[in-house]
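**Student:** One structure coming up, written as structure tokens, with questions to follow.
The values are calculated or read from the model by the stated rules, or taken from the named source; none is laboratory data. Note that this is a predicted model, so its numbers are computed, not measured. Cβ coordinates were reconstructed from backbone atoms using ideal geometry, including for glycine residues, and neighbour counts include every protein chain displayed. When the accessible area is computed, the model is the full protein with side chains, heavy atoms only, and any ligands, DNA or RNA have been set aside. Shrake-Rupley method; radii C 1.70, N 1.55, O 1.52, S 1.80 Å.
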Amino acid sequence: LPYSVICGFFSYVGLTLWMLAIAVDTGHTWDAVLFSGDMAVVKSALVHHIPGVVVGVCMRVFGRIYPPLTPLAVLFTIAAGYIIMFATGTTFEEAAAEGWFYSRDDFIYEGQKAPVGFASWAVPAPFGILVALFLGSVNFNAVVSALPHALGMAVIYLLRCSLHAAALRKSTTAMLRGVKSSEPPTLPAPLAPTHKRERSVSDAAFEPLNDVKSNESNAKPPTGMAAILLWYGICMAIGGVIGGVGVLPGVAVGAMLFKLGAGGIAPQHGGSLLLFAFYISNFTLVRYIPKPAFTCLLIMCSLDMLIDWFFDSFKKTKSAWEWVVCPVIVIFSFLLGQLMAVAVGVALSTFIFVGHMNQSGVVKFLANGLTVRSTIERVEDVAEFLDKNGDLIQICVLQNYLFFGNATSVDQYVQTMFEDVPEHVGFDLPPIPKYLVIDFTIVTGCDTSAVDVFSD
């Protein structure tokens with residue numbers, strides 16, 4: 001996919017994270033707050049949302065300089081909330097009623113009004129799908145009716161995983177490069193005394209080669225896109241069997257967590273145990289965490305994605321027209337949906353690509369046997385023959401990507417070389433060539449239609 005399409009996709013994800021932060025703070029969507037027409041609602045939304053924004057911006061600005069600031073900022077937000085409650089004499093229930101904490105009703109399922117923990121072992125309880133299949137309580141007619149929507153979501157997730165895997169590999173490479181570059185150079189350890197032996201010239205010559213071979217054998221091969229997608233599929237398949245939803249790791253916060261050492265085994269298992277503790281307690285522990293502690297993380301991730309994929313991408317693209325695809329995808333994602341917006345972005349990128357190709361042209365230069373010679377040494381008679389008849393050899397050097405449009409233009413130009421010369425012409429014309437050399441050395445690619453044109 002074009003770079004601008006990937007930028008537009010993740011820019012929309014960044015805006016979605018910010019909108020989610022607004023929903024967490026206010027309990028309403030951003031458009032419901034903005035178009036409510038009630039200044040009291042807008043003022044209340046600003047009061048609840050600004051603390052998370054301030055902390056999130058500080059985490060984004062200073063977190064890259066000092067990574068441990070990120071968890072400290074979250075802890076500071078929690079402590080500041082309780083300090084303000086103590087200073088103002090506000091009780092926990094009053095603060096929860098004002099929307100600063102989650103209420104008990106936020107942890108109740110709307111369908112069956114049962115607390116988290118589930119009244120019966122059925123969907124969406126863990127392994128509820130397998131239990132329903134074993135008990136024969138699955139309505140397969142409903143499953144068939146939902147297949148079109150399920151396939152549509154599968155296409156969206158396939159597209160999202162492909163984009164996400166590319167971004168994950170790119171960010172992982174950048175993080176590893178930053179870690180390697182930040183390591184101070186170390187001096188080699190002094191050699192231990194050994195028995196005296198004269199070093200030969202061959203020993204010294206082959207030492208660097210041996211070091212290179214040992215480093216290459218110890219180096220781990222880079223993780224490929226196929227491996228990342230495979231593990232995405234395995235995790236989602238396990239999550240689907242258990243009854244969960246498809247999730248992807250956060251690329252935006254990944255760099256900061258990597259610097260904090262979250263890539264080790266202990267943080268992974270610790271996070272799972274913490275989640276299990278929240279789960280068996282019906283998530284009541286979450287009630288005691290102020291909402292700005294959650295929204296500041298969402299704001300930080302949103303700023304990371306918007307700055308990296310929306311604003312910085314403008315500096316990386318060669319032309320402004322190529323970057324325009326990024327905001328177009330963001331706008332159409334709100335109007336048509338994410339999948340259709342990406343399709344529109346790909347189509348627009350294709351038109352821009354064709355326009356750039358037509359501007360640069362597909363013919364690099366034209367020459368003949370008089371101006372271009374090979375490096376082969378020839379006898380005097382052959383060299384004189386080429387000096388006189390070199391224009392019977394026409395050379396056409398092509399460039400860029402070949403498709404039906406520009407391949408047809410090359411074919412039309414080649415056809416003009418073999419047209420009959422008019423009788424009365426006021427200038428000299430090259431003779432009809434006997435040999436035509438088409439150079440594809442710097443051609444970047446060729447589609448099937450262009451192959452057919454050149455074959456004809």
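**Student:** Mind listing P(r) for segment 378-456? All alpha-carbon pairs, 5 Å bins, whole percents.
**Tutor:** Values per bin, smallest distances first: 3, 12, 18, 19, 15, 13, 11, 7, 2.
**Student:** In terms of modelled amide H atoms, which long-range or inter-chain residues lie less than 5 Å from the amide H of V437?
**Tutor:** Q394, I395, C396
**Student:** Just grab the label-to-label distance for L366 and T441, each label 7 Å out from Cα along the Cβ direction, in nm (one decimal).
**Tutor:** 2.0
**Student:** State the percentage of accessible surface on segment 305-386 attributable to carbon and sulfur atoms; use a 1.4 Å probe and exclude ligands, DNA and RNA.
**Tutor:** 68
**Student:** Could I ask something else about it? By per-residue mean of other Cβ atoms within 10 Å, what is the highest-first order of 324-330, 334-340, 131-137?
**Tutor:** Descending packing order for the listed peptides: 324-330, 334-340, 131-137.
**Student:** Suppose R0 equals 25 Å. What FRET efficiency, 1/(1 + (r/R0)^6) with r the Cβ-Cβ distance, do E93 and V47 give to the nearest 0.05?
**Tutor:** The formula returns an efficiency of 0.85 here.
**Student:** Could you give each residue of segment 136-143 its phi-based ³J(HN,Hα) in whole Hz, using Karplus coefficients 6.51, -1.76, 1.60 with θ = phi - 60°, and x for Gly or Pro?
**Tutor:** x, 9, 9, 8, 5, 5, 5, 5
**Student:** Contour minus end-to-end for V138 and I307, with contour as 0.36 nm per residue of separation and end-to-end as the Cα-Cα distance?
**Tutor:** 56.2 nm
**Student:** Right, here's the next one. Whole-Hz ³J(HN,Hα) for each residue in segment 279-288, computed from phi via Karplus 6.51 cos²θ - 1.76 cosθ + 1.60 with θ = phi - 60°, x for glycine and proline: what do you get?
**Tutor:** Running phi through 6.51 cos²θ - 1.76 cosθ + 1.60 with θ = phi - 60° gives 5, 6, 9, 6, 6, 5, 5, 5, 4, 8 Hz.
**Student:** Same structure again: Cα-Cα over 31 Å: which of K316/K364; K43/K315; K43/K318; K315/K364; K318/K434?
**Tutor:** With Cα atoms farther than 31 Å apart: K43/K315; K43/K318; K318/K434.
**Student:** Using a 1.4 angstrom probe, figure out how much accessible area segment 1-68 has per residue, in square angstrom, rounded to the nearest whole.
**Tutor:** Per-residue value: 52 Å².
**Student:** Could you give the accessible area per residue of segment 327-449, probe 1.4 Å, as a whole number in Å²?
**Tutor:** On a per-residue basis, 67 Å².
**Student:** How large is the convex hull of the C-alpha atoms of segment 40-81 per residue, in Å³?
**Tutor:** That works out to 52 Å³ per residue.
**Student:** Now for a separate question. With every protein chain kept in the model, how would you rank M153, M19, M39, M59 by accessible area, 1.4 Å probe, largest at the top?
**Tutor:** M39, M153, M19, M59
**Student:** E94: accessible area at probe 1.4 Å, nearest 10 Å²?
**Tutor:** About 100 Å², ignoring ligands and nucleic acids.
**Student:** Quick one, can you get me the convex hull of the C-alpha atoms of segment 296-423 expressed as volume per residue in Å³?
**Tutor:** So the per-residue hull volume is 185 Å³.
**Student:** Sticking with this structure for a sec: Can you give me the % of accessible surface on segment 6-113 that is carbon or sulfur? Probe 1.4 Å, all protein chains present, nothing else counted.
**Tutor:** Using a 1.4 Å probe with all protein chains present, segment 6-113 comes out at 72 percent carbon and sulfur.
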